[in-house]
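To keep things clear, I will list the structure first and then write my remarks on it.
Read-outs throughout are calculated quantities, based only on the coordinates presented, and are distinct from any laboratory measurement. Here the structure is a predicted model, which is why all the values come from computation and not from measurement. All Cβ positions, glycine included, derive from the backbone under ideal geometry; neighbour counts span all protein chains shown.
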Amino acid sequence: MKHSLSSFFPTSSQLKKALLVDSKEARVIVFSMPAGSEIPAHTSPARVLLYCAKGSGKFLKGEEWIEVEEGDLVPCEPLEPHGMKADKDMVVMAVIAPAP
């Protein structure tokens, strides 16, 4: 199956997410984040890779907010707090491996 991340670009003021892959090896979630939206800090028992596919904003890694733009990848270790804030409309792909 093929997915186009550009089809997830925000079209409303509502944050949306889609589960693209869900297996024991990995989980892939795409977030459609309108400007000003936020995913609060949380943790996962697995490694999380946050990829900014479109737009710009900030990723939380531990206690540090990192400015990101299209094409940036931020890896988070297991149990490391992570979150996201959209400065502009943003599409984020989160890869969680192995799936919790």
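Using the structure shown, list the pairs from K17/K54; K2/K58; K24/K54 with a Cα-Cα distance above 20 Å, or answer none. All intermediate terms of the calculation are to be shown ahead of the outcome.
On the way: K17/K54 14 Å; K2/K58 27 Å; K24/K54 27 Å.
Listed pairs above 20 Å: K2/K58; K24/K54.
If I build a Gaussian network model for the chain, linking alpha-carbon pairs within less than 10 angstrom, which residue out of S56, S12, S32 has the largest mean-square fluctuation?
S12
Taking amide hydrogens as modeled 1.01 Å from N in the peptide plane, which residues meet the under 5 Å criterion relative to R47, leaving out close sequence neighbours?
Under 5 Å from the amide H of R47: A97.
Using Cα pairs closer than 8 Å and at least 6 residues apart in sequence, work out the relative contact order for the chain, in percent. Don't skip to the end; give the middle numbers.
Working: 276 pairs, mean separation 36.3, N = 100.
It comes to 36 percent, rounded to a whole number.
Scale the Cα Rg of region 17-97 by the rule-of-thumb value 2.2 N^0.38 Å and send over the ratio, two decimals. Walk me through the numbers before you get to the answer.
Numbers: Rg = 11.5 Å, N = 81, 2.2 N^0.38 = 11.7 Å.
Taking the Cα Rg and dividing by 2.2 N^0.38 Å, one obtains 0.99.
Tell me the net charge near A86. Cut-off is 11 Å between Cβ atoms, A86 excluded, with +1 for each Lys or Arg and -1 for each Asp or Glu. Each step should come with its number before you reach the end.
Numbers: positive: K54, K58, K85, K88; negative: E38, D87, D89.
Combined, the nearby Lys, Arg, Asp and Glu give +1.
Excluding S7 itself, calculate the net charge of residues whose Cβ lies under 13 Å from the Cβ of S7, where each Lys or Arg counts +1 and each Asp or Glu counts -1.
Working: positive: K2, K16, K54; negative: none.
Every neighbour counted, the sum reads +3.
Find the Cα radius of gyration of region 56-100, compare it with 2.2 N^0.38 Å by division, and give the number to two decimals. Intermediate results must be reported in sequence, preceding the final value.
Values: Rg = 10.7 Å, N = 45, 2.2 N^0.38 = 9.3 Å.
After normalising by residue count via 2.2 N^0.38 Å, the value is 1.14.
Most mobile of V21, V68, V48 per a Gaussian network model of the chain (Cα springs, under 10 Å)?
Highest fluctuation of the listed residues: V21.
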